[in-house]
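The values are calculated or read from the model by the stated rules, or taken from the named source; none is laboratory data. Since the structure is predicted, the reported quantities are computational estimates derived from the model, not experimental observations. Here Cβ is always computed from backbone atoms with ideal geometry, including for glycine, and neighbour counts include all displayed protein chains.
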Ligand SMILES: [Zn+2]
């Protein structure tokens, strides 16, 4: 069986603050910004070159700093500069970027994690210090995972070390795929040609509910600490609720996919900035949610040995899955093909097309009996779709 790597970033909230933390953050920022300037002036996008031309000099200037901080600062500077340059080329940024955050990249020389003892050992200018973290239930599952890069981050919620864990898993070669169409209020799954499941998520209701709560607070309370705290509290509750929903949804999807084959999702990473994308997503799932839900599905699937493929999202909601002609609206959420007479709910069309694209991409022949055109046109009505999770919300 072919293997794939899963990567997950886990947060470790530290119980204590190491001595000299403020200095460490500001020194690191200073170095990263110096390196960004250097990369900018010399147009360097190679980590190796940036390090080669600055390492000795920086070592001399910051002799007390463990040397690997300079390594990771070079990595950060290159990545910040590259991202900025990309945005600049699209006309979305100017000049050179400035790094302002309390954030330090750590490699395996700078920290050691001891999950059982609940401590992280961090190299600092004052030597190696052992820092206790608040144990979380989900930390346990990373026991046999590989520890990769990490970030030491400080924000309004405290001091964290975010660690990237990875694990190699065996993933089965699927003979079939289920196509998944993610929408704001439902997830539609094409299991096979003619077999669909729609899970009503009530996500819109959850969002609207919290939106109204926040608006009420906005109107009733005066600006101040209490207002800010309340707004933050509800913001966090909403995120937790949606997170919980996504995990349950992903579990259900992976369970179904295990019976039918692999999972096909739309690849929305490349066209994130295009206008067409936002127009097409209009009325669909919120951009952030979309990616988040996809990531949860992806890693849960891989953990279960289920293959996930991403297909090009172009025209998945506008072309007829039977004959490939353009569909036009025919009543509430229904699309119709004027060429072959196919008619279906637009979520059904989306998931169907996603599934077909995956089969094509994977080289799986689509059996002739699943070409509805040859059967004289199909009609999928809303009654064929049933609600799972009616109790959500
Ligand atoms: Zn058609």
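Every residue, every condition in (1) touching a strand residue (DSSP E or B) at 6+ places or on another chain (Cβ under 6 Å); (2) more than 30 Å from residue 145 (Cα to Cα); (3) modelled with pLDDT of 90 or more; (4) not in a strand (DSSP E or B), yes or no:
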| site | (1), (2), (3), (4) |
| --- | --- |
| 173 | no, no, no, yes |
| 188 | yes, yes, no, no |
| 205 | no, yes, no, yes |
| 213 | no, yes, yes, yes |
Residues 162, 126: which one is modelled with pLDDT under 95, surrounded by fewer than 20 Cβ atoms within 10 Å (Cβ to Cβ), out of contact with any helix residue (DSSP H, G or I) (no Cβ under 8 Å at 6 or more places or on another chain) and under 23 Å from residue 22 (Cβ atoms)? 126
Within region 81-111, how many residues are surrounded by 16 or more Cβ atoms within 10 Å (Cβ to Cβ) and farther than 19 Å from residue 52 by Cβ? 11
Screening 326, 355 for residues that are within 10 Å of the ligand (Cβ to nearest atom), modelled with pLDDT of 90 or more and either in the same structural domain as residue 197 (by TED's automatic domain parsing) or surrounded by 14 or more Cβ atoms within 10 Å (Cβ to Cβ) (or both) leaves only 326
